[in-house]
Structures are given as C-alpha cells and as structure tokens.
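Report on the structure given below.
The values are calculated or read from the model by the stated rules, or taken from the named source; none is laboratory data. Every value quoted in this text rests on a predicted model; they were computed, and no experiment measured them. With ideal geometry, Cβ positions are generated from the backbone for all residues, glycine too; neighbour counts draw on all protein chains shown.
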Amino acid sequence: MTKENFGGSGETRSKKSSGGIVGVGYISIMLIFTVICLTIFAVLSFQAAYSNNRLSERGEQFTQQYYAADMQAKKILSELDFKSAQLTGGFDFFGEFAEAAREISGGTAEKTVRDGRECVQVDYSVDLNSRQKLSVSVLFQSAYNEDRYEILTWKTTTEETSGDSHQNVWDGGDID
Amino acid sequence: MTSDRSPESRRKAALNGSEYRVRSLADTASAVGSMLLFVLFALCMLMAVAVAADTYGRIKSGYQQSFGTVTSMKYISNKLRSADNVTIFEDGTAAAVESGGMVSVIYCGSDGLYEKNSATDDLVSADGGDRISAIDSMLITERDGLYEITVRSGGESSSMLVRKG
Amino acid sequence: MILLKTYRKSNNLLFAEMIIALLFFVISFTVIIRVFAGADGLERDERRREQAEILAQSAAEAYSVSGNAEWAVRQALGCEAAFADGRCELSLDEGLLPSEDGEITLVLTEKRSEPAVVGCYSELSMVFMKRGEEFYSLDCGAYIPKKGEAAHFD
C-alpha cells in the first residue's frame, strides 16, 4: 500500500510538470515586475509634469515681471506727459521740462534737435529682474495736441554680466 | 496476474471506479481553474503596465507639444519686445529682428523654428539657422498696431498678440 | 491519496499566494495611482495656466495699444465683453474659448485714473478662475494721450 502510494510521487512530478497547476512563486515574480514597472512610469510621469510645471512657472514669473515694469514705465510716461503739457508754452520749456523729467523718471533728459525741431529726449528704464530691464526712450516737444511725445524705443534689454558675453558673429573680415 | 498489472491499474483497482472519475474530474477542473486565474492575473498585470505606459506617453507628448508651441511663441514675443527694428517677411513665415547691431532671422523650417544671427550689414535670408524648437508652422502678421504670432504644433494651433515696437 | 493531498496543498498555496499578491498589488496600486493622478493634475493645470497666460498677454498687448478693454477682449478672445462699472465677467470652456456655461470664469476689472487732463492712464486686471478658485492673473496698464487739443494750464 505504501509502495503503491509512493509510486505516485513520480506521477505528482509528472502532473506538475505537465502544466496541471501553476508553480508557486510565478505570481510573486510577476507582481514584483509589474509593481516596479508601474512605479517607474509613475515617477517618470510625475517628474515630466513637475519639470514642465516649473518651467511654466518661470515663464509666468517673467510675464508678471514684464507687465509690472510695463505698467510702471507707462505711469512714468503719463506723469512726464502731464508735466510736458503743464510746461508747454512756458518761458523755458526745454530747460524746465528736462529738469522735471529727470526727477520724475530717474533717467536722463537732454535737449535735442530732431527733423529740425527742438525736443527733449527722455531715457529711463524700469527693472524687470536682476538681469533685465525695460528701456524707454521718449521724445517730448512743446505742443498742446497728442503729438506732445513720440516713443522712440520701448524694449527689454539684458544687462551683460561680463565683457565677453556677446555673440560671436563673423563680421565678414579675413579669417586668420 | 497481479504482478503484470501496472501501478496505475493497481491504484485504479484500489479505488472505486466512479469515485476515481469524480476525483480526476475535480483535479482537472481545479488545475484548469487555477491556470485560468493565473492567466487572468497575468493579463491584469499586463493591462496595468500598458495603461501606465500610455499615461506616461500622454503626459510626455503633451509636455513636448506644449513645450513646442508655447516656447516658440514666448521666444518670438520676447525677441520682438527686445527689438530695435522688426521686418516681417512677405509671406509672414519669417521675421528679421534687429537688436544691438545684430539681426536675428526667425523662421519656420522643415521641422521646427529656426534662428539665424548675422551682422546688420549682411544680406539676411531665412536659411541655415539653428533649431530652437519643434513646430509645424509659424505665421506672423501685422494688424492694428499689433503683431499676431500663430504657431501650429502637433495639430494644435495657438495665437498671441504682441504690440509693435 | 498522497497525490491528491499534494495537489490540493499546491493549489491552496497558489491561492494563498494570489491573495497575498493581490493585497500587495492593491496597496501599491493605490499609491501609484495617486502619483499618476498627481502628475496628470499637474499637467492639466499647467496647460490651462499656459493657455490663460497666452490669452492674458494677448489681451494686455491689445489693451496697451488701445486703452480700450472691450476692444482688447475682442482681439484676444474674439468675443464681445460688456463692461459695467469697469467690471466684466466672461465664461470660458476648458480650452479657454468663450462658452455660455463654461467652467472657467475670466474676471476683468478696469481702473481709470482721474482726472484725464492730458491723457488717460488705466489699468486692466485679468483673473482666471475655475470653480471660484483663481489659477492665473495678470495686471497690465495703458496710457493713451487725449486726442486733439489737450487742456491748457494757464
């Protein structure tokens, strides 16, 4: 009887190997593989989304800085325009306005001649951030209508941190 | 006679015939059931991995597409804002931006946005530049004192207005 | 009998392993799903904010040129905005396009400096909200000199 039953041990092996049942451990291996895969994908997804978010936050920050500086520059322009209208027709428009403009804008104001007409060129800038600023150049003249001023430049400029930070462009000369 | 019989037939003989059939059937059903469960489990795991990969791909492609469109628009708008003088090419697919004694030609090439820097005296052309980002098309038009930048990337189109210098 | 016992033991072991595996999978899957949902949420928020930023910038640029908030909205969004007491609310859909019952609200507030003797300096504030929660805002200004003869300062 014992021999008969033990005779079955060989058969147990043959039944197992014939695919009757799944071996213990396969599921655990598969599960570990799946969980690792899922974790990798989840971490990569989060990392991609997070880095994109940070990049976009930087862009947003610059936009906010730009429009804050733009508003500030426009406020200064409105004050300068008000002053120029106030001083128009005065005894010494150019001298008085140049002085007032320097005070209001914190920039430079010089009397100049453009297209045969005397004007005051006011240059001022508003900081965007530590590296960039909004540079404005406006030409004022003694007039009562909307031609009191002409905006020459209204642009962002980047301060060069070192002398050699300019772009190297071939100037068309001989190459040594 | 007994010695001629195989262990199988001997075991069969030991068991009642009908009981053996029932047990054999139960074993087979159990084996098939566990096999099916295993296959189901494996399929579920595969599906989970496929869904995860798809989600990652979607996030990544969204990131790249958004990066292409938005970055290009921001790049062009910032270039225009820092320009002394801007010349839009006739078909609107390129712009020559003059700033600080340099001319940057921004144009849409075969597979993206390109930029070429040259000195102001040079003849400018929209070719041979460096690739900035991946976009399908770009159009810059002028209207009511504004530039309208339209960028198309991955079937998605976005427009942005920038005031003229 | 031993054959059957081994067989059943093996099956029981398999089921026990499967149950433990499933439990482990459920726990880890919950965590992983949260990470995926977080990434997806971040990506959606970021795209929405980027779209809002582009739209707000377009409106700000148009406003800067004209000093007219209604015209600026028309240029940027392509829809009419009716301002009452310097305030206007627009309903937008997920793609930030004008919609009757959109989830996103764009609140525009315009402030004009008084008195506008020689010109008018004004500010436009744009706030994008989703279900009452602000997700992007931008303030911009415009200065438009008075047309024709400005006031004389005698």
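Just to verify a result, which residue in region C:43-69, among those that are closer than 15 Å to residue C:120 by Cβ and not aliphatic (A, V, I, L, M), is surrounded by the most Cβ atoms within 10 Å (Cβ to Cβ)? Among those residues, the one meeting the criterion is C:63. Can you say whether residue B:91 is among the acidic types (Asp, Glu) and under 30 Å from residue C:72 (Cβ atoms), as far as the supplied structure shows? Spelling it out, residue B:91 is indeed among the acidic types (Asp, Glu) and under 30 Å from residue C:72 (Cβ atoms). The number of residues in region A:58-76 that are more than 8 Å from chain C (Cβ to nearest Cβ) and either surrounded by fewer than 18 Cβ atoms within 10 Å (Cβ to Cβ) or over 19 Å from the mean Cα position of the chain (by Cα) (or both) comes to 7.
Quick check on region C:103-117. Is at least one of its residues basic (Lys, Arg), surrounded by fewer than 18 Cβ atoms within 10 Å (Cβ to Cβ) and either within 11 Å of chain A (Cβ to nearest Cβ) or touching a strand residue (DSSP E or B) at 6+ places or on another chain (Cβ under 9 Å) (or both)? Yes, region C:103-117 contains a residue that is basic (Lys, Arg), surrounded by fewer than 18 Cβ atoms within 10 Å (Cβ to Cβ) and either within 11 Å of chain A (Cβ to nearest Cβ) or touching a strand residue (DSSP E or B) at 6+ places or on another chain (Cβ under 9 Å) (or both).
The set of residues in region A:16-55 being at the interface with chain C (Cβ under 7 Å from one of its Cβ atoms) and either surrounded by fewer than 14 Cβ atoms within 10 Å (Cβ to Cβ) or at pLDDT below 75 (or both) consists of A:21, A:22, A:24.
State yes or no: is residue B:90 closer than 20 Å to residue A:157 by Cα and among the charged types (D, E, K, R)? Answer is no for this residue.
Checked against (1) buried (at least 17 other Cβ atoms within 10 Å of the Cβ); (2) at the interface with chain A (Cβ under 8 Å from one of its Cβ atoms); (3) among the aliphatic types (A, V, I, L, M), residue B:102 passes all but a single condition, namely (1).
Against the definition (touching a helix residue (DSSP H, G or I) at 6+ places or on another chain (Cβ under 8 Å), farther than 26 Å from residue A:74 by Cβ and modelled with pLDDT of 90 or more), how does residue C:141 come out, yes or no? No. Residues that are more than 14 Å from chain C (Cβ to nearest Cβ), charged (D, E, K, R) and loosely packed, with under 15 Cβ neighbours inside 10 Å within region B:129-144 comprise B:130, B:131, listed in sequence order.
With respect to being within 11 Å of chain A (Cβ to nearest Cβ), among the small types (Gly, Ala, Ser) and more than 19 Å from residue C:129 (Cβ to Cβ), residue C:67 fits the description. Restricting attention to region A:100-130, the residues that are part of a helix (DSSP H, G or I) and exposed (fewer than 13 other Cβ atoms within 10 Å of the Cβ) add up to 1. Taking region B:127-153 as the range and being part of a loop (DSSP other than H, G, I, E, B), more than 22 Å from residue B:165 (Cα to Cα) and of a type in the set (Gly, Ala, Ser) as the test, the residues that pass are B:128, B:129, B:134.
Residues of region C:74-90 include at least one that is within 28 Å of the chain's Cα centre (by Cα), small (Gly, Ala, Ser) and facing another protein chain (nearest Cβ under 9 Å).
Taken as a whole, the structure leaves residue B:147 outside the set of residues that are touching a Cys at 6+ places or on another chain (Cβ under 9 Å), aromatic (Phe, Trp, Tyr) and buried (at least 20 other Cβ atoms within 10 Å of the Cβ). So which of A:73, A:98 is aliphatic (A, V, I, L, M), in contact with a Lys or Arg (Cβ under 8 Å, 6 or more places away or on another chain) and closer than 24 Å to residue C:119 by Cα? Result of the check over A:73, A:98: A:98.
Taken together, B:42, B:31, B:48 contain a single residue that is in contact with a Ser or Thr (Cβ under 8 Å, 6 or more places away or on another chain), surrounded by 15 or more Cβ atoms within 10 Å (Cβ to Cβ) and at pLDDT 65 or above, which is B:48.
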